[in-house]
Amino acid sequence: MSSLQPVRGTHDLLPDESRRHRHVEETAFSVARRYGFGEIVTPIFEFTDVFSRTLGDTSDVVTKEMYTFADRGGESITLRPEGTAGVARAFISGGLSQNLPLKLFYRGPMFRYERPQKGRLRQFHQIGVELLGVEGPQADIEVIALGYHILSALGLKDKVQLELNSLGDAESRAAYRDALVAYLSGFKDKLSKDSLERLERNPLRVLDSKDEGDRLVVADAPVLTDYLNDASRAFFDTVKTGLEAVGVPVKLNPRLVRGLDYYCHTAFEFTTTALGAQGTVLAGGRYDGLIGQMGGPATPGIGWAAGVERLSMLLEEVACGDRPLAVIPMGGDGVEALRVAQRLRNAGFAVEMGYSGNMKKRLNRANKLGARAAVILGDDELARQAVAVRDLDSGEQEEVPLAMLEERLARFR
RNA sequence: GCGGGUGUAGCUCAGUUGGUUAGAGCGCCAGUUUGUGGUACUGGAUGUCGUCGGUUCAAUUCCGAUCACUCGCCCCA
């Protein structure tokens, strides 16, 4: 490798891959618009506090994965590791509480100092949505349905599975946490080293441990949904029946938890088995306490984020859009070819030029570019105020008067 | 952060039990066809064998370190 390699965990999106990313983002946004979402663009960096105060101090994202630095004014700045905190900050600083409910879509790069793996980069891209200001479970249903709709529009419906759980409200979760800790403490000799640590810092995380021994212990552990109080249970029931009503297949997973501290009630993940260890493709939940905790007016919220790289890897071939026309000048100084190319571009065609070489090379290039037809400007034809138009799929060629160019080429659009 | 695997041409990979000119397929370039592509045939170019260091008469090959990728853990989308 040369020393001109990109920084570890980053890479260039060449046109091919870039097109796939764009397809994911644009499909997502066009579906989101149908649900009433508008796009918000927040800065890529924020004051470090924005993340450290909201994501929770038990999360690795905050404790060891942030790109944090002091800027020239001595402020502690962090490259955003996720999107929700920045949107919440914008909500507060922009006084958006006047406009509730608010539906926001975002996309863009995120940064985490992690060990790179397939589908896990240090600079990666997410799309996400946040629905702010709706207390009822209709919001949860609509937001999850939107996620499912986007995955369907991307052709991934059969490759993913929605897993759903409820973390309940603060009271329910505290009751459950106590019961879980009490239960797990009886098995300290059987738990893995990782899980013993989780038992101290973030006991719910023991539930989704991959360790065999942990799983045996967890199999008989108390179940979160048994500890929901009446209000939390009713909320969860509505979410379930609502998802059924809008046709989103659900698999309940009582061991599904969330990594970041601000979540409550609904937690969900669309997962796939096609990406190895990075199986989560779109995930989120409800975060009623977040905005109040950040110093804004108490405002409920729910949202999700999805990894664009992961979605892109699941996609089949993405068609590359309109096939161009190739304008091929033969002889002369090529000015006439530029004139023709410009006319066709003004008429809405994508036009490629055959820059150099003989006819064979130029046609070859046209072919590689996937051109639909070639417009050949030969001296003979030009003398008759005409060009040769070759259909590159059928091989048929005809002479077309210059005056009728746009009209006769319309069928290649 | 922890443990395993890999690194040879633009791409996918073979190979060298340490020895002089390092290979294939695909791609690329050229020709067969000087105004006609895709197919076919013929020919051609291309490598600091990831990097640095060690052992050796000799290292792409063995050893060490390092960087990157990759698989699992951790974490998470």
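A short reminder: the numbers here are calculations on the coordinates, not readings from a lab. From a predicted model like this one, the values you see are computed outputs, not experimental measurements. Note: ideal-geometry Cβ built from the backbone for every residue, glycine included; neighbour counts use all protein chains shown.
Tabulated data for the structure shown
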{"read-out": "Sites residue A:316 and residue A:12 - FRET efficiency at Förster radius 25 Å, r taken between beta-carbons, to 0.05", "value": "0.65"}
{"read-out": "Radius, Kirkwood style, for the range A:237-394 when every pair of distinct Cα atoms is counted (Å)", "value": "21.1 Å"}
{"read-out": "Degrees separating the helix A:335-346 axis from the principal Cα axis of chain A, which is the longest one", "value": "40 degrees"}
{"read-out": "Charge-dipole axis of chain A as Lys and Arg at +1 and Asp and Glu at -1 on Cβ define it, positive-most pick from A:182, A:162, A:363", "value": "A:363"}
{"read-out": "Protection proxy ranking, peptides A:397-405, A:130-138, A:16-24, average beta carbon neighbours within 10 Å, highest first", "value": "A:130-138, A:16-24, A:397-405"}
{"read-out": "Proximal lysines relative to residue A:210, as straight alpha-carbon distance under 29 Å, when same-chain residues fewer than 8 apart are discounted", "value": "A:64, A:118, A:157, A:159, A:188, A:190, A:193, A:240, A:251"}
{"read-out": "Lys, Arg +1 and Asp, Glu -1 on Cβ, resulting dipole of the range A:168-247 about Cα centre, debye, nearest 20", "value": "200 debye"}
{"read-out": "Separation of alpha-carbon centers, the range A:21-91 and the range A:132-163, rounded to whole Å", "value": "21 Å"}
{"read-out": "With Cα atoms, 0 to 90° folded angle of helix A:359-368 axis to chain A main axis", "value": "20 degrees"}
{"read-out": "Cα centroid separation, the range A:336-356 to the range A:208-283 (Å)", "value": "55 Å"}
{"read-out": "Approximate shape of the range A:38-134 as ellipsoid semi-axes (Cα gyration tensor, √5λ), whole Å, largest first", "value": "24, 17, 12"}
{"read-out": "Rounded D (µm²/s) - the range A:191-320, Kirkwood Rh over Cα pairs, Stokes-Einstein at 25 °C, 0.890 mPa s", "value": "143 µm²/s"}
{"read-out": "Relative contact order, percent, the range A:203-279 [alpha-carbon distance under 8 Å, six or more residues apart]", "value": "32 percent"}
{"read-out": "Leading residue at positive end of dipole, chain A (Cβ point charges), from A:62, A:291, A:403", "value": "A:403"}
{"read-out": "Kirkwood hydrodynamic radius of chain A, from inverse mean 1/r over distinct Cα pairs, in Å", "value": "24.8 Å"}
{"read-out": "Peptide ranges A:280-291, A:209-220, A:343-354 listed from the most packed, as the mean C-beta count within 10 angstrom indicates", "value": "A:280-291, A:343-354, A:209-220"}
{"read-out": "Amide H within-cut-off set for residue A:265, under 5 Å, with H built and near neighbours excluded", "value": "A:167, A:168, A:169"}
{"read-out": "Most fluctuating residue given options A:315, A:382, A:96, as computed from a GNM of chain A linking Cα atoms under 10 Å", "value": "A:382"}
{"read-out": "Overall dimensions of the range A:122-226 as given by Cα atoms, namely Rg and Dmax in Å", "value": "17.6, 48"}
{"read-out": "Dipole of the range A:21-115, positive end: most advanced residue of A:28, A:45, A:111 [Cβ charges, Cα centre]", "value": "A:28"}
{"read-out": "Sequence-separation-based contact order of chain A, relative, with Cα cut under 8 Å and 6+ spacing, percent", "value": "15 percent"}
{"read-out": "Mean Cβ neighbour count within 10 Å, used as a protection proxy, ranking A:355-363, A:226-234 highest first", "value": "A:226-234, A:355-363"}
{"read-out": "Principal axis dimensions, the range A:276-343 - Cα atoms, whole angstrom, descending", "value": "71, 37, 15"}
{"read-out": "C-alpha long axis of helix A:138-153 to longest principal axis of chain A, angle in °", "value": "40 degrees"}
{"read-out": "Potential extension, residue A:181-residue A:379 segment - 0.36 nm per residue separation minus Cα distance", "value": "62.6 nm"}
